[in-house]
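Novice: Please read through the structure below; I'll follow up with questions.
Quick note: the coordinates plus some simple rules give every number you see, no bench work behind them. Everything quoted here is computed from the prediction, not taken from an experiment. Note: ideal-geometry Cβ built from the backbone for every residue, glycine included; neighbour counts use all protein chains shown.
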Amino acid sequence: MPVKRDELVVLLNELERTTPVTRWTAGGVSLWPLIRMRALFEIFERLDYGLDRAPVPPDPEGADELARARFRFDAARGADCVFLSNAAYVKRVGEERVDIYLDPVMDALRAAGLACVRLELEGLHGYSPRRRDDRFFVNGVLEERASATPRDPRSAAELGLPGWEAVRDALAARGLKVAVGMIERGCDLWRFNALAGCFEDIFRALRPRALFLACYYAVKQMAAVQAARRLSIPVVDVQHGVQGQWHPAYGRWENVPPAGYSVLPDRFAVWSESDRRVIDRWREASGVSGHVPFVAGYPWIERWSRAPAAGAAGDSPLADTGLRRILVTHQDESMFPDWIYGSLAELSRENAILFRLHPGAAHRTGYWERKLHEKGLVHFEVARSTALPLTTLLADTDVHVTGCSSCVLEAREFGVPSVVVHYHGLLVYRDVIDDGSCLYAPDPASFAQALRTVRPPERAAGEPEPVLARYAGVPGLDLETRQSASKEARA
């Protein structure tokens with residue numbers, strides 16, 4: 001059986017307590033976070049995300065756009081803020097395509113007079129088919145730099161990583177072969193430095209005062225963080241999904257060096273006080289001054305939960321059936337017990353099942369359509385439920401079902417109750433479960449009961465704080481001064 005996420009966190013904490021992994025550095029690069037995240041992605045890749053993955057070739061128009069918007073050093077212009085994005089978070093809203101996590105922040109900073117540029121890692125999830133003069137594709141530049149860099153396959157022993165054999169053996173015992181190989185290859189430091197060096201050159205050309213990204217913990221994003229740190233550029237990670245103590249990128253780091261890790265952001269813009277407390281708990285225990293969390297909310301969801309997109313119900317799949325609508329958000333197979341498909345099949349006779357895949361598995365809609373048909377589902381839809389913005393679906397959803405998706409939190413903003421069917425959801429959403437707007441159902445009987453009794457959450461009242469005010473503490477941008485000037489201008 002694959003190691004579960006909470007089991008992985010417990011294992012990582014044990015290694016952080018018993019071996020000197022927090023002292024694994026080479027050339028100023030903190031190596032332990034690379035291994036920690038490699039183990040997390042290895043779990044993902046054993047499940048849905050990496051199966052049958054094949055790159056989707058862009059259409060001719062897409063190829064033209066990739067060429068037109070490719071980053072070129074000789075054409076780079078200065079920017080106050082750089083946003084590092086990827087296509088997984090770009091969703092269609094009407095005729096627009098929007099990065100639901102970064103665009104609200106970029107729009108607020110632009111309105112305050114700051115020049116912003118988007119760098120898109122188009123190779124991670126295809127590319128976002130939108131023409132924007134403010135975005136440049138950088139994956140080709142990065143890969144060219146890495147390919148041109150001579151390999152320097154120094155091993156963990158040659159890098160002098162203390163205790164690496166014990167870490168290797170502990171991970172191997174849990175079947176984490178990819179992470180083990182990465183340790184033995186010295187964390188592929190030569191490639192990481194090539195990527196970080198390329199980002200350094202990009203940032204020197206753009207001269208930003210801050211870097212914003214969502215999902216900092218993939219290798220290229222961490223290379224960007226490393227490059228920004230070398231150039232004293234503050235980095236802000238914008239929350240993009242459920243975090244909590246059982247997420248290895250955000251929760252339960254132990255024995256963190258006093259100066260922090262070079263590949264972790266300076267600031268974490270989180271959705272809630274509970275998310276902030278999770279990060280502050282390990283910061284305070286380790287005496288770390290950096291990696292500071294602040295509550296920035298979730299501007300995109302806040303906006304559309306108060307004023308849903310016009311025609312949202314008509315856009316939503318199976319809107320013409322008149323049936324009760326159940327949104328099912330699927331993360332990976334380990335989060336969905338075998339019994340759930342029989343229960344969904346029974347429900348689908350008199351309910352519309354909107355089956356939404358994780359963005360990392362969006363390439364598998366055909367597989368899931370076939371599988372759900374084979375499982376006996378009647379009224380269900382996969383492709384559009386995966387492609388449309390979550391806001392469009394939640395504006396016309398009666399109840400939400402998941403293993404452990406962050407949609408539990410997003411559904412609350414729309415007054416939609418949730419049922420979680422995996423014990424990890426019980427761990428992560430204990431506070432939501434305690435208020436009755438989310439129920440845990442570990443078997444078919446409790447699932448049927450939960451769908452009948454779960455009650456909608458109370459929706460937030462009043463207008464949220466302006467986005468600019470939430471980011472006022474980001475160093476280097478003088479946002480407090482700009483915010484005051486904006487208020488005076490409105491007065």
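Novice: At 0.36 nm per residue, minus the direct Cα-Cα distance, what do Glu158 and Trp190 gain on full extension? Give it in nm, one decimal, please.
Specialist: Extending this stretch completely gives an extra 10.2 nm.
Novice: Around Ser30, which amide H atoms from residues at least 5 apart in sequence, or from another chain, sit under 5 Å from its own amide H, with H modelled in the peptide plane?
Specialist: Excluding prolines and chain starts, which carry no amide H, the hits are Ser262, Val263.
Novice: What are the ³J(HN,Hα) values, in whole Hz, obtained from phi via the Karplus relation 6.51 cos²θ - 1.76 cosθ + 1.60 with θ = phi - 60°, for each residue of segment 106-112 in sequence order, with x given for Gly and Pro?
Specialist: 4, 4, 5, 5, 4, 4, 8
Novice: Once every DSSP H run of n ≥ 4 in the chain is given -39500 (n - 2.57) and the sum is divided by its residues, what mean residue ellipticity at 222 nm do you get, rounded to the nearest 500 deg cm²/dmol?
Specialist: Only helices count here, giving -12000 deg cm²/dmol.
Novice: Further question: Please give the contour-minus-distance gain from Asp201 to Ala383: 0.36 nm per residue of separation, less the Cα-Cα distance, rounded to one decimal in nm. Please list the in-between numbers first.
Specialist: Details: separation 182, 0.36 × 182 = 65.52 nm, distance 3.94 nm.
Going from the current span to full extension adds 61.6 nm.
Novice: Need one number: nm distance between label points at Asp443 and Glu96, each 7 Å from Cα along Cα→Cβ, rounded to one decimal.
Specialist: 4.9
Novice: Percent of Cα-Cα pairs per 10 Å bin, from 0 to the last occupied bin, for the chain, please list those.
Specialist: 4, 18, 29, 28, 16, 4, 0
Novice: Can you tell me how much longer the chain between Thr321 and Glu143 gets when fully stretched, taken as 0.36 nm per residue apart minus their C-alpha distance, in nm with one decimal?
Specialist: Result for the pair: 59.3 nm of gain on full extension.
Novice: For segment 324-425, which trypsin sites (Lys or Arg not before Pro) are in a loop by DSSP, counting at most 11 other Cβ atoms within 10 Å?
Specialist: Loop-located and lightly packed - Arg349.
Novice: What's the longest bit of the chain with no exposed GluC sites (Glu not before Pro), using DSSP loop states and at most 12 other Cβ atoms within 10 Å as the test? Display every interim value, and only then the final one.
Specialist: Numbers: sites that count: Glu95, Glu350, Glu458.
So the longest stretch without any such site is 96-349.
Novice: With the Cα gyration tensor of segment 307-453 giving a ≥ b ≥ c as the square roots of its eigenvalues, does the rule (a/c under 1.5 for rounded; else a/b larger than b/c for prolate; else oblate) give rounded, prolate or oblate?
Specialist: rounded
Novice: Right, something else. Which of Phe268, Phe414 has the fewest other C-beta atoms within 10 Å, and how do the rest follow up to the most?
Specialist: Phe414, Phe268
Novice: Could you give each residue of segment 339-344 its phi-based ³J(HN,Hα) in whole Hz, using Karplus coefficients 6.51, -1.76, 1.60 with θ = phi - 60°, and x for Gly or Pro?
Specialist: So the J values, rounded to whole Hz, are 5, 4, 5, x, 5, 5.
Novice: Now for a different question. I need the semi-axes of the equivalent ellipsoid of segment 127-205: take the C-alpha gyration tensor, multiply each eigenvalue by 5, square-root it, list largest first in whole angstrom.
Specialist: Taking √(5λ) for each Cα gyration eigenvalue gives 33, 16, 10 Å.
Novice: Next up: Counting Lys +1, Arg +1, Asp -1, Glu -1, what net charge surrounds Val82 among other residues with beta carbon under 12 Å of its beta carbon?
Specialist: Residues close to Val82 contribute a combined charge of +3.
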